[in-house]
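Taking it in order: structure first as structure tokens, then the write-up.
Since every read-out is calculated from the coordinates, none of them should be taken as a lab result. All of these numbers come straight from a predicted model, not from anything done at the bench. Note that each Cβ is placed from the backbone with ideal geometry, even for glycine, and that neighbours are counted across all protein chains shown.
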Amino acid sequence: MQTRFIAEGNVGKLARWLRMIGYDTLLFEEKNDGKMIDISIRERRVILTKNAEIMKRRVVVDGKVQTVHIKDDDPKAQLRETVKTLNLDYHFKPFSLCLECNQTLVPRSKEGVRYLVPRHVSETQEEYVECPLCHRIYWHGTHWQAMVRELENLAQGN
Ligand SMILES: [Zn+2]
């Protein structure tokens with residue numbers, strides 16, 4: 001089964017990186033550890049937390065809930081830590097999820113998005129995907145390429 005996550009509100013950037021690679025990551029912003037643990041059990045999600053108290057909970061100690069204790073403040077270091085701990089794949093399913101809503105992106109035709117993206121984009125880009133929830137449209141532009149390079153660097157351990 002594919003690894004899924006529930007991330008605490010204070011590791012939001014890490015959640016975006018994981019979504020970028022294609023790992024389903026819920027961002028949990030309430031201050032309610034019990035509820036977060038319940039969701040992680042019910043939906044079999046690995047908890048990403050900076051909170052040392054959660055690590056002492058019985059369900060965590062007993063291994064009923066899998067948890068990665070995030071120690072670094074830098075989101076890229078956090079990603080490296082998470083990938084290493086769980087043996088994840090940097091090339092899993094890149095750009096398959098909305099970075100904002102964690103929804104699976106849907107392919108859109110060039111014609112269908114013509115009036116929804118800037119003209120220089122519709123004139124140069126062929127492939128588009130859309131988030132069914134927030135309706136953001138993503139394409140393989142320069143921002144996308146910069147993120148791909150960033151992931152390559154991370155995968156190579158730089
Ligand atoms: Zn979205």
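Structure notes:
- Spatial separation of Cα centroids for region 97-119 and region 1-38, in angstrom: 23 Å
- Region 106-155, relative contact order in percent, only Cα pairs under 8 angstrom and at least six apart counted: 31 percent
- The chain: angle of helix 75-86 to the longest principal axis, Cα-based, in degrees nearest 10: 60 degrees
- Taking ASN32, ASN102, ASN51 as the candidate residues, the one with maximal mean-square fluctuation in a Gaussian network model of the chain, Cα springs under 10 Å, is ASN32.
- Degrees, to the nearest 10: 33-42 long Cα axis against longest axis of the chain: 70 degrees
- Structural descriptor for region 5-86: relative contact order 30 percent, calculated from alpha carbon pairs under 8 angstrom and at least 6 residues apart.
- The chain - percent relative contact order, Cα under 8 Å, separation 6 or more: 20 percent
- Highest mobility in the GNM of the chain, judged by mean-square fluctuation with C-alpha springs under 10 Å and restricted to GLN78, GLN125, GLN66, is found for GLN125.
- When the convex hull of its Cα atoms is projected in every direction, mean area for region 106-155 (nm²): 4.0 nm²
- Most mobile listed residue (GLU111, GLU43, GLU130) in the chain, GNM with C-alpha springs under 10 Å: GLU111
- Dimensions of region 5-86 along the principal axes, based on C-alpha atoms and rounded to the nearest Å, stand at 29, 23, 21, largest first.
- By average C-beta atoms within 10 angstrom, highest first, the peptides 69-76, 91-98: 91-98, 69-76
- DSSP beta bridges confined to the chain are antiparallel in about 40 percent of cases.
- Cα-based Rg of the chain normalised by 2.2 N^0.38 Å, two decimals: 1.15
- Set of aspartates and glutamates with alpha-carbon distance to LYS35 below 14 Å, sequence-local pairs under 8 removed: GLU8, GLU43
- Cα-based shape type of region 69-158, given that a ≥ b ≥ c are square roots of the gyration tensor eigenvalues and the cut on a/c is 1.5: prolate
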